[in-house]
Amino acid sequence: MSHEQSQTDDALHVVVAGAGHAGGRVVQQLVSLNFAGRITLIGDERHAPYERPALSKEWLTSEHEPRIDDSPIVLAPAAFWEPSALRAARVERVYDRVVALDAAQRVLTLAKGVEVPFDRLVVATGGSPRDGAIPGANLPGVHLLRTVDDSLALRRALRQSRGLAIVGAGVIGMEVASSALDLGVPVTVLEAGERVLSRCLPPVMSEWLLREHRARGVRVELGVGVEAITEAAECAAGRYVVRCRPRAGQDAFDVAADTVLIAIGVDCAPAFLAGTGLAARQGVDVDETCRSPNAPWLYAVGDVAHVLDGAGGRGGLRQETWRNAENQALAVAQAIVGCAQPYRETPWMWTDQLGNNIQVVGQPDPRDEVVLRGEPGAGPCAALGVRDGRVVSGVLVNAGRERRFLEKLVASAARVDPARLADPRATLKELAA
Ligand code: FAD
């Protein structure tokens with residue numbers, strides 16, 4: 001009998017590295033699945049594990065400053081994270097950063113020098129926001145946004161700001177633009193690409209959203225690189241000058257701002273896995289049960305998990321979404337207790353901007369045909385992505401009730417008569433039936 005087989009559950013020590021949304025949920029799921037071994041949850045944030053979507057939305061705009069201790073963003077039930085409750089569930093919570101892994105010995109080293117041996121390791125380290133190595137990115141009024149502390153710092157800055165410059169027109173950048181607008185702060189968005197939300201919206205919906213932002217007064221500059229952020233001379237229109245370089249042939253220009261947010265995505269390769277061969281630039285490669293094909297004791301979950309497509313390891317999917325963190329955590333916990341279920345979920349995310357709720361199902365690809373049901377900006381609307389006659393993705397604007405029917409269509413790659421698909425009188429429920 002191998003070492004792996006001979007170890008019973010009650011002797012197993014599972015270490016979860018990263019105490020955010022996915023890591024916290026893995027622990028809660030293991031406990032609710034009556035996992036009999038020991039669990040150690042290691043994370044470098046000083047808070048109970050929490051969900052992040054509110055950080056770019058209500059946490060910036062609410063009248064009173066939010067406090068994490070009594071906030072609904074803490075993973076429910078909040079009492080689970082009380083020290084006595086954790087002790088009773090045989091969960092040890094360690095507030096530290098993992099800095100090294102000895103894969104042969106299965107031992108982690110923490111920043112304070114402590115060594116933590118384990119039998120199973122779940123990597124749940126999320127992503128670190130990039131600053132693009134922009135000169136000036138470390139100035140005090142230049143922000144990144146990932147944590148509760150980042151959100152509170154940005155919230156306080158916005159309340160004293162004569163202008164916000166946002167580098168990056170992705171989900172977080174455009175959500176913050178919307179929040180700043182609610183606070184009456186003038187906003188300029190600087191985007192290197194040609195579209196807003198280009199990673200998750202088809203071009204027609206990017207164009208609509210761009211129009212909406214511009215109509216509300218957000219200045220959005222596309223095709224613009226940011227060269228540097230420097231301190232402005234006294235009495236200037238803003239504390240900082242953001243130096244912008246548009247496409248070739250156009251003149252460089254400056255944007256004045258008191259506050260700058262850099263929102264250009266995250267890096268997901270955990271530094272402590274560097275040199276172990278267990279992580280790549282895109283995160284930690286795992287199979288459909290969230291287990292590493294290179295080390296049977298290693299799992300990854302949430303933003304860091306790059307799920308291989310099962311066809312020889314080419315392609316794959318890494319999702320940075322609330323639902324992925326939530327449900328992949330269950331898949332990992334099930335795998336650890338010996339009930340592995342393949343994690344195959346149709347991607348879904350939402351964003352709230354300018355009073356619109358936008359939900360994205362599947363992965364819109366700009367090469368797909370788009371069938372519009374309704375007019376963006378004129379009431380509820382859907383944009384369905386169609387490839388080879390099949391529905392492969394969809395965006396809903398202010399039509400969240402249709403989501404489960406859209407998910408059904410996308411999950412089954414339904415082939416629907418194009419005339420019916422384009423006719424909003426035939427509901428998605430009917431089309432999915
Ligand atoms: P995280 O929740 O980031 O947790 C990772 C944790 O690991 C962090 O606490 C980190 O400090 C810790 N850590 C990292 N490295 C180490 C280390 N070496 N040692 C110890 N600990 C470490 N998704 C949606 O679907 N809809 C939305 O509207 C939406 N809005 C969002 C708004 C914001 C501002 C942000 C940041 C994200 C948003 N998301 C949204 C995405 C969603 O929140 C993430 O996909 C989710 O948080 C991922 O969970 P995770 O556990 O993988 O990462």
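Listed by first and then second residue, the pairs linking a residue in region 18-36 that is touching a residue at least 40 places away in the same chain (Cβ under 8 Å) and more than 18 Å from PRO53 (Cα to Cα) to a residue that is small (Gly, Ala, Ser) and within 12 Å of the ligand (Cβ to nearest atom), with Cβ atoms under 6 Å apart and 6 or more places separating them unless they lie on different chains, are VAL26/ALA329; GLN29/ALA329. Within region 267-282, being within 16 Å of the ligand (Cβ to nearest atom) and not in a loop (DSSP other than H, G, I, E, B) holds for ASP267, ALA271, PHE272, LEU273. Under the condition of being closer than 23 Å to ALA411 by Cα and either surrounded by fewer than 17 Cβ atoms within 10 Å (Cβ to Cβ) or within 21 Å of the chain's Cα centre (by Cα) (or both), the residues counted in region 334-371 number 24.
Please pick out the residue among VAL15, VAL26 that is assigned by TED's automatic domain parsing to the domain that holds TRP81, surrounded by 22 or more Cβ atoms within 10 Å (Cβ to Cβ), over 21 Å from the mean Cα position of the chain (by Cα) and within 11 Å of the ligand (Cβ to nearest atom).
On the way: VAL26 fails: over 21 Å from the mean Cα position of the chain (by Cα).
Of VAL15, VAL26, the one residue that is assigned by TED's automatic domain parsing to the domain that holds TRP81, surrounded by 22 or more Cβ atoms within 10 Å (Cβ to Cβ), over 21 Å from the mean Cα position of the chain (by Cα) and within 11 Å of the ligand (Cβ to nearest atom) is VAL15.
Could you please let me know if GLY355 is over 30 Å from LEU60 (Cα atoms) and small (Gly, Ala, Ser)?
Numbers: over 30 Å from LEU60 (Cα atoms): no; small (Gly, Ala, Ser): yes.
So GLY355 fails the test.
Considering only residues in region 45-65 that are more than 13 Å from the ligand (Cβ to nearest atom) and free of Cβ contacts under 8 Å to residues at least 40 places away in the same chain, the one that is farthest from GLY355 (Cα to Cα) turns out to be HIS64. Filtering region 253-281 to residues that are out of contact with any Phe, Trp or Tyr (no Cβ under 6 Å at 6 or more places or on another chain) and of a type in the set (Gly, Ala, Ser) leaves ALA256, ALA263, GLY265, ALA269, ALA271, ALA274, GLY275, GLY277, ALA279, ALA280. Here VAL122 qualifies as in contact with a helix residue (DSSP H, G or I) (Cβ under 6 Å, 6 or more places away or on another chain), part of a strand (DSSP E or B), among the aliphatic types (A, V, I, L, M) and over 30 Å from VAL241 (Cβ atoms). When region 30-44 is limited to residues that are touching a strand residue (DSSP E or B) at 6+ places or on another chain (Cβ under 8 Å) and either polar (S, T, N, Q) or part of a loop (DSSP other than H, G, I, E, B) (or both), the one that is farthest from the ligand (Cβ to nearest atom) turns out to be GLY37.
Every residue, every condition in (1) closer than 27 Å to HIS13 by Cβ; (2) within 13 Å of the ligand (Cβ to nearest atom), yes or no:
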{"residue": "VAL284", "(1), (2)": "yes, yes"}
{"residue": "THR321", "(1), (2)": "no, yes"}
{"residue": "ALA325", "(1), (2)": "yes, yes"}
{"residue": "TYR343", "(1), (2)": "yes, no"}
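The values are calculated or read from the model by the stated rules, or taken from the named source; none is laboratory data. Bear in mind the structure is a predicted one, so any value in this text is a computation, not a measurement. Note that each Cβ is placed from the backbone with ideal geometry, even for glycine, and that neighbours are counted across all protein chains shown.
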